[in-house]
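**Student:** I have a structure here, written as structure tokens, and I will follow up with some questions on it.
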Amino acid sequence: MNPIFTIVFDDNTSYVGGCDYFEMKWKDIPNKKIRTIFYTMPLGDMLVLNGYDKYYHRIEGVKILTGKDAGKMKIIFTYIMGKIKSQVIGYKISTINGNIEKFNVDEKEESIIKLNQEFWK
Amino acid sequence: MTNAKILVNYVDSDETYIAEPSNYIEMDLTNDYFIHSQTLADLLTHEPTADELNVAAAIISDSAAVTIAKILLMDYSHSVLGSYYTHLIHGTGGNHRYSFCLSFDGATATEPQLEAWDDSDLDSYTNHVLGAGTINNSMVKAVCTTLSLPGVGWAGTPLAGANVLLLNGGNGALTTPGSGLNNDLYCNLKIVIPMAYAIPKVETFVLAVRYSWV
């Protein structure tokens with residue numbers, strides 16, 4: 001399986017992410033300045049982000065607690081975003097139908113502030 | 001990925017999971033389920049039949065809203081306290097903090113939230129118990145008790161569709177817990193049937209917890 005993301009750092013070294021949404025290896029990214037992220041979307045297209053100060057990737061899932069599918073984790077969206085100066089620009093990607101929604105918000109926007117800040121890379 | 005489990009308190013809803021883990025039963029999500037009932041007995045030695053559930057069901061009142069008296073866990077393994085299939089979840093609907101525990105084994109990227117839907121497609125709330133398409137009419141009321149008691153007579157959030165319950169009290173994502181520890185979040189639930197509700201039904205609905213990880 002192909003990795004979901006590959007990173008090239010400013011020092012020209014690289015890092016290969018995980019191959020599935022349950023083990024992304026985002027936390028293990030070395031603490032170095034990222035130049036470019038090559039991101040593979042659910043339907044196979046490639047998204048390239050570069051030029052940002054920091055990057056963030058998260059998987060949004062829903063764990064079913066009751067009913068016939070109880071115990072299953074449904075992956076709903078992935079988000080890949082970059083922060084530059086006071087702006088956060090990113091993509092919300094549906095893992096169900098591949099739809100992509102681009103967003104551009106201020107870094108002080110509630111949805112950004114409420115993120116776990118330790119995962120900006 | 002951060003994993004979540006759900007535990008129910010069958011002993012004393014004033015004690016946390018970390019303080020008194022033996023007060024809690026971890027739900028086997030594949031086999032266990034909740035029963036919302038007015039009079040079904042605790043500590044049954046068999047899985048309740050449909051007839052028993054019907055006899056113990058809540059009756060719609062013409063003169064007042066009815067809060068369903070009990071939420072029980074149907075424990076398929078019947079391995080707690082002997083061989084009992086039903087366990088009354090302590091403190092549901094009342095001014096108690098530690099009835100339901102959602103325990104996360106790591107950090108999250110966003111704040112976990114509790115949701116209710118018709119089914120696991122997670123895209124409709126047409127069931128009467130969820131408000132028949134109007135989220136604020138949902139009979140399923142939920143309150144976050146992670147940070148504090150809910151209060152006597154708490155109203156709660158009518159849980160359906162976009163009406164969700166933030167489980168960290170609105171304080172955002174969960175940070176990395178200490179070594180050997182989990183992030184334990186708490187909530188309380190009740191079902192309130194409106195006065196003179198015109199359509200008696202036996203319905204199911206799905207509870208789910210949404211969160212993000214990196």
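Since every read-out is calculated from the coordinates, none of them should be taken as a lab result. Just so we're clear, the structure is a prediction, and the values are computed from it rather than from any experiment. Every residue, glycine as well, gets a Cβ built from its backbone with ideal geometry; the counts of neighbours run over all protein chains shown.
**Student:** Checking the table B:Lys5/B:Lys70; A:Lys27/B:Lys5; A:Lys54/A:Lys74; A:Lys32/A:Lys85; A:Lys25/A:Lys108; A:Lys63/B:Lys190 against a 24 Å threshold on Cα-Cα, which pairs fail? Each step should come with its number before you reach the end.
**Tutor:** Values: B:Lys5/B:Lys70 22 Å; A:Lys27/B:Lys5 22 Å; A:Lys54/A:Lys74 28 Å; A:Lys32/A:Lys85 18 Å; A:Lys25/A:Lys108 27 Å; A:Lys63/B:Lys190 21 Å.
Going by Cα-Cα distance, A:Lys54/A:Lys74; A:Lys25/A:Lys108 fall outside the 24 Å limit.
**Student:** I need the trypsin sites (Lys or Arg not before Pro) found in the stretch A:31-63, filtered to DSSP loop residues with at most 16 other beta carbons within 10 Å of theirs. Display every interim value, and only then the final one.
**Tutor:** On the way: sites: A:Lys32, A:Lys33, A:Arg35, A:Lys54, A:Arg58, A:Lys63; in loops: A:Lys32, A:Lys33.
Listed in order of number, the matching sites are A:Lys32, A:Lys33.
**Student:** Report, as a whole number in µm² per second, the diffusion coefficient that Stokes-Einstein gives for chain B at 10 °C and 1.306 mPa s using the Kirkwood radius over alpha carbon pairs. Could the numbers behind the result be given before it?
**Tutor:** Working: Rh = 17.7 Å.
Reported coefficient: 90 µm²/s.
**Student:** Averaged across the residues of B:173-179, what count of C-beta atoms belonging to other chains lies within 10 Å of each residue's C-beta? Let's see the in-between values first.
**Tutor:** Numbers: counts 7, 1, 3, 3, 0, 0, 0.
So the per-residue partner count for this stretch is 2.
**Student:** Take every residue in peptide B:107-120, count the Cβ atoms of other chains within 10 Å of its Cβ, and give the average of those counts.
**Tutor:** Whole-number average of other-chain Cβ neighbours for B:107-120 is 4.
**Student:** Over the alpha-carbon set of the stretch B:139-214, divide Rg by the Kirkwood Rh and report the Rg/Rh ratio to two decimals. Display every interim value, and only then the final one.
**Tutor:** Numbers: Rg = 15.4 Å, Rh = 14.7 Å.
Ratio of gyration radius to Kirkwood radius: 1.05.
**Student:** Sticking with this one: What percent of all Cα-Cα pairs in chain A falls in each 5 Å bin, counting up from 0?
**Tutor:** Pair shares across the bins are 2, 10, 20, 23, 20, 14, 6, 3, 1, 0, 0.
**Student:** Follow-up. Okay, which of the stretch B:180-201 sit inside 15 Å, backbone N to the point 7 Å along the Cα-Cβ direction of A:Ile113?
**Tutor:** Counting only backbone N, you get no residues.
**Student:** Looking only at other chains, what is the average number of their beta-carbon atoms within 10 angstrom of each beta-carbon in A:112-118?
**Tutor:** Numbers: counts 0, 1, 9, 8, 13, 4, 6.
Partner-chain Cβ atoms within 10 Å, mean over residues of A:112-118: 6.
**Student:** Give me the one-decimal Kirkwood hydrodynamic radius in Å for the stretch B:80-128, with the sum taken over alpha-carbon pairs.
**Tutor:** 14.9 Å
**Student:** Using Stokes-Einstein with the Kirkwood hydrodynamic radius over Cα pairs, what translational diffusion coefficient do you get for the stretch A:53-105 at 37 °C and a viscosity of 0.692 mPa s, in µm²/s rounded to a whole number? All intermediate terms of the calculation are to be shown ahead of the outcome.
**Tutor:** Details: Rh = 12.4 Å.
The diffusion coefficient I find is 264 µm²/s.
**Student:** List the equivalent ellipsoid semi-axes of the protein assembly as shown in whole Å, largest first, each obtained as the square root of 5λ for an eigenvalue λ of the Cα gyration tensor. Please report the intermediate quantities before stating the final value.
**Tutor:** Details: eigenvalues 331, 87, 65 Å².
Sorted largest first and rounded, they come to 41, 21, 18 Å.
**Student:** Give me Rg over Rh for the stretch B:88-214, both radii from the alpha carbons and Rh done the Kirkwood way, two decimal places.
**Tutor:** Numbers: Rg = 15.2 Å, Rh = 15.3 Å.
We get a ratio of 1.00 for the stretch B:88-214.
**Student:** So which chymotrypsin sites (Phe, Trp or Tyr not before Pro) in the stretch B:70-116 pass both tests, a DSSP loop state and at most 10 other Cβ atoms within 10 Å of the Cβ? Intermediate results must be reported in sequence, preceding the final value.
**Tutor:** Working: sites: B:Tyr76, B:Tyr84, B:Tyr85, B:Tyr98, B:Phe100, B:Phe104; in loops: B:Tyr76, B:Tyr84, B:Tyr85, B:Tyr98.
Qualifying residues, ordered by number: none.
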